Amino acid sequence: MGLSKLIYGKRLSAIISLMLFSASLAILLGQIPPLTQAQAQMDGIELSTPYAYTIPVKIVGNLSVSKVLIINESVVMVVASGPSRDYVALLDVSNPYSDAVVLQLYPLVGRVTSFSTDGWPITRVSVGTDKGEVLLFSVSGGRIYKMLEAVLGADFYVKKTAILRNSSGVHKVVALVSEGPLTTGPCTSCYIYVFSEGSSGVLKIGNRVGNATTSYEGILPQDIAPLTVFDGSSYYYDASMFAIAWVEKGDLITLTFNVTYWVDDTLTPASGALVEVIAYDTEQGLTYRYGLNADDKGVAEIPVPRGLMAQVSVWDIYGRNYNYTYDTSVLPSYVDRVYVTTFTLSAPPITTPASAYYKTPEFLLANLQVLDVSGAPDSYANVGFMNFKILPTASGLSFLKGVNDSEYLITYHDPEDEDLKLVRVNTSLNKTSVTTEYAGAGARLNTALTLHDGRLAVLVLSDGRVKVYSLVEGNNSKSYRLLNTYVAGGEVSKVKIFPGGEAQAIFLETSEGLQLLRLTPYLTPLLRRDLVLNFAEEPHVDSDILSDFSVGVACGGDKLTILKNLNLMIGGEPVSVESFRAGEAVIKVIPPGNESVTEASVTFKYPGGSLTKTPSEDGVVVFNNILPNVTYEITVTHSRPYVNPAETLIKISTFTDTYLEIPLTYKEFTLYLSVIDSVSGDLIAPYSVIVDNKTVIPSTGSRYAEVRVLYGTHVLRVGPAPGYENVYEPFETTLTVLSNQSVDVTLFRKIYLLELRVEDALTTKLIAPVEVEVGGEVQTVDPAVARAYFVLPYGDYTVLVRPLEGYEAIYRPTTINLTLASPTTKVVRIPRNTYTLNLSIRDVTVNILKGRFDVFVNDTKVVSDVAQNASIVLPYGIYVVQVRPTSSYEVVYNPSQPVLVKLTDNMPLNIPVTRKYYNLRVRVQEGETPIKNAEVRFYSLETGNLITVLNTYEEGFVETKLFYSDIRVEVVMPGYFDEIRTITLDRDTELLVYMNPQPLTLFFRYLPIIAVIIIAALAVYGTLKLRAVIYQRLRREETLF
């Protein structure tokens, strides 16, 4: 909030001018237009569930909304901020389909600092500003009327206003104002002004107010708390029980100090600097030690009893002390405020809250006095004092009573003890019980509420905590017990209670959005925004709700969201606002042809009214706040007379968005096209239809087509569809279309050259003339030319190539299919007739075929693994035929001789094959001794025949050359046993045969040796015999006896 500039030490006189207006003459701005028919009928669109819609806010001068106050279901009062001042505006928000309508706009001199009502239902609204303005408006029929306007002075800051009501129903406006800047400690320049909307004059309450008006002076007002009376369905502020908190002025004087510190060679106000005060009188033995904090501008206003010495100290963050001692006894008696000095710190100050270190001295404690201001401004009466005092800096002072409760409830927050206080007060204004709860450092009480019977007390702290206390019976009195605590999140600035029904709920406006809390059986947040337990339109500005919770409003920048039927949620489950927010209808207009979509107009008809919008460049129009079960009509028109309008309906059953495309059409006539093929009649390719260079039918194969065209002359072009340009020549004509008409179209096929090259399928070169037939046309092709040419229209053709008469034995007819879609050259290969060549393979060596053969034609293998006979199918022609043994029989046979064959018909063919011959050497030996003249006989085991007989040479071997076969070799030699060997002669072979001599042969061969051995044996024997005889003789001769 902005503060009035203060030139300290110079007191400005307060200029109070009072202007009262009768209700009939106090309309704020010109002639007020009545609600439109649409707005009136919108009242009939009511749903049985909560619903929300958002509307834009546009106030002349590009003013931005800073505060909102909902007056009734259709009207919202807002504070609109301009560059230098605020304005009060009244907005009609009943129509979801138009911007908020500015009904009234009232300019203020300053910025709004206080906004209050007379309770519920709302009949009065008061506004206070930082320029000392106090205004009272009467609310009637969705309008406001200025009932009072008071300008208290340019240096007066309106801290709080309240609208009270006396027993006669006359409203009183109470304003707590500060002359000069706001202070952080006891206010020594605050005043209370009481006005009445029915009379002139003012009741002034404060330090020195004079006698020009009814007054109550000699006190320093700190706060006001009119008695708030709650019944079952409403609440109001009672003018007969108006509580004020004030500090006795007595002989207090105010010492003013400035506190600054250096930052980069610049003096900066020491905002929040901790200031200690020791006020003492050594002669009387009095000492008071207390503290406070400097305000935002570094100004500290210190109340001190006159006559005491005042030692004032401040500290910087490095602990350096700065102090000044002032003797208040030197001041004249008529001076009660003086500027003393400026503290200049070398570093930033210590800013710890003074309440954390110091207690408030007795002379600064605030009395709670109750006044009856029902007769103000002419008179007032003292009801009495409460028998306890509070701190002057206590926050959230409230004076409450349920209509069915026998006692009053005083609530406030004690910043020194950091406690919440709930004090029950009887009708004699004496406390009967005190409930205390520690609230934590830095806490502040925002407001308090109760019910008609006082059984619940709801205390809302500025940090977002909501505490619910239940009234319980004690021995001698009733007191409160904590029931629930809930953290709403964000700083709370506004609270309302739902007065009716069994379920109790409160509304909270926080810095993060609004929330509805059900109080019993436990605190339950009823509004959710995704995972955040509040609802806000970003960027969040402010919100409000009717006290019956039927309608709420949330301001987000330049838009207002209206929430209806919120009272239906009190007894239900938590829901997300998004689940009942009205959706939007996105309409996309599709213009015909190349017409401009921005020349179209979209009319949105809702119950009771309509609005018209122009589509964007992309043809989109958005209509917001589409409610379920409501029928809307959409009408689209175009500025061009030849464009047809279009209409449709929208009706949805749930809260959702809807998307709708609306194509516009020309006023058209029909061309009935009959399209035929110039050759066959039936179309062979799709065609496209183009009117005035615009393709209307991209592709179709139908013989009949309909084309819609505008009135006038058009160029009709029917041609092949894309991709088929090679089929037809395009058809084009100019038509003047005055009505529906028929058009006959013949599409002529394109003509192309077809070149056919005829090749022999075997050698590519023709060996005989042929005939070529295409599309009924026949041409003879000479082998030397081998080409034929045809000029034909696009189409599918069969090309027939056949031998000329007399050459049927050479070629057989052949066909190919082709599509003639361009000049084409095609090769046609005509196959030759085929014949069977029956082969028979014969072994001419031994007449026994033994093996497998491969058949080669023109040195190309055509048949494999033939045993003896094979049939080969070959085209007409001359061939060289040869058989070759397979790899397994290459040792047996030689390849046959090539045979030249002219194949003109089926024919047999005998092919002789010969066996391979190999060298065979047979060596005959007896041991290592060659045997000469041995007879060697050679037999073929396949035939059993003797092949040849040979005798071994001097060297003992024979040598011959024989054909492949299984050979039996017999070796015969007189005196030897015969030897037989069997071999397979598949290579050059040397056979070694050892012969064994017969026994007789051996005997005669070794007879001389045997004779020598016998003679030798006989000689040995005779010698041994003779030796034995001699021995016997010698033995007899040697005998002695």
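Read the figures in this text as sums done on the coordinates, not as results from a lab. Since this is a predicted model, take the numbers as computed values, not measurements. No Cβ is skipped: glycine too gets one built from the backbone with ideal geometry, and neighbour counts run over all protein chains shown.
Projecting the Cα atoms of Leu449, Pro305, Asn869 onto the charge dipole of the chain, computed from C-beta unit charges around the Cα centre, puts Asn869 farthest toward the positive end.
Loop-resident trypsin sites (Lys or Arg not before Pro) (DSSP state other than H, G, I, E or B) in segment 256-356 with no more than 13 further Cβ atoms inside 10 Å of their Cβ: Arg320. Here Thr268 and Leu482 are evaluated by their C-beta separation; at R0 = 45 Å the FRET efficiency comes out at 0.55. Net charge of the neighbourhood of Ala243, taken over other residues with C-beta under 15 Å away and scored Lys/Arg +1, Asp/Glu -1, is +3.
What fraction of the DSSP beta bridges in the chain is antiparallel, stated in percent and rounded to the nearest 5? Given both bridge residues lie in the chain, the antiparallel proportion sits at roughly 85 percent.
Label sites at Ser140 and Asn62, each approximated as a point 7 angstrom past Cα along Cα to Cβ, lie 3.9 nm apart. Size check on segment 345-480: the Cα extents along the three principal axes, sorted descending, read 59, 40, 26 Å. Pairwise alpha-carbon distances in segment 668-747 exceed 20 Å for 24% of all pairs. How many nm separate the modelled label positions at Thr825 and Asn740, each set 7 Å beyond the Cα in the direction of the Cβ? Spacing of the two 7 Å Cα→Cβ label points: 5.5 nm. Only the Cβ atoms of Lys and Arg (+1) and of Asp and Glu (-1) were treated as charged; on that basis the dipole of the chain about its Cα centre amounts to roughly 2420 debye. Counting neighbouring beta carbons within 10 Å and listing from fewest to most, the residues Ser138, Ser333 come out as Ser333, Ser138. In a reduced charge model with +1 at each Lys and Arg Cβ and -1 at each Asp and Glu Cβ, segment 251-364 shows a dipole moment near 120 debye about its Cα centre.
Cross-link list Lys172/Lys564; Lys67/Lys421; Lys667/Lys694: which exceed 21 angstrom alpha carbon to alpha carbon? The answer is Lys172/Lys564; Lys67/Lys421.
Inter-label distance, Leu1007 to Val863: 7.1 nm, where each label sits 7 Å from its Cα along the C-beta direction. Annotation: lysines with alpha-carbon distance below 18 angstrom to Lys651 (same-chain offsets under eight excluded): Lys588, Lys605.
Placing +1 on each Lys and Arg Cβ and -1 on each Asp and Glu Cβ, with no other charges, gives segment 584-666 a dipole about its Cα centre of roughly 220 debye.
Taking all Cα-Cα distances within segment 751-830, those exceeding 17 Å account for 38%. The residues neighbouring Val589, those whose beta-carbon lies less than 13 Å from its own, together hold a net charge of -4 under the Lys/Arg +1, Asp/Glu -1 convention.
Here the extension length gained between Ala1019 and Asn629 equals 124.6 nm, from 0.36 nm per residue of separation less the Cα-Cα distance. Projecting the Cα atoms of Ala89, Val112, Thr485 onto the charge dipole of the chain, computed from C-beta unit charges around the Cα centre, puts Thr485 farthest toward the positive end.
Taking each residue as 0.36 nm, the span from Arg757 to Phe669 lengthens on full extension beyond its C-alpha to C-alpha distance by 26.3 nm.
Counting only cysteine Cβ atoms and a cutoff under 4.7 Å, the chain contains unmatched residues Cys555.
Along the axis of the charge dipole computed for the chain (Cβ charges of +1 for Lys and Arg, -1 for Asp and Glu, origin at the Cα centre), the listed residues Ser428, Gly619, Ser215 are led at the positive end by Gly619. Most tightly packed first, judged by the mean number of other beta-carbon atoms within 10 Å of their residues, the peptides 72-84, 569-581 read 72-84, 569-581.
Equivalent ellipsoid of the chain: semi-axes from √(5λ) of the C-alpha gyration tensor, largest first, are 129, 61, 25 Å. The C-alpha atoms of the chain define a longest principal axis, and helix 1007-1037 lies at about 90 degrees to it.
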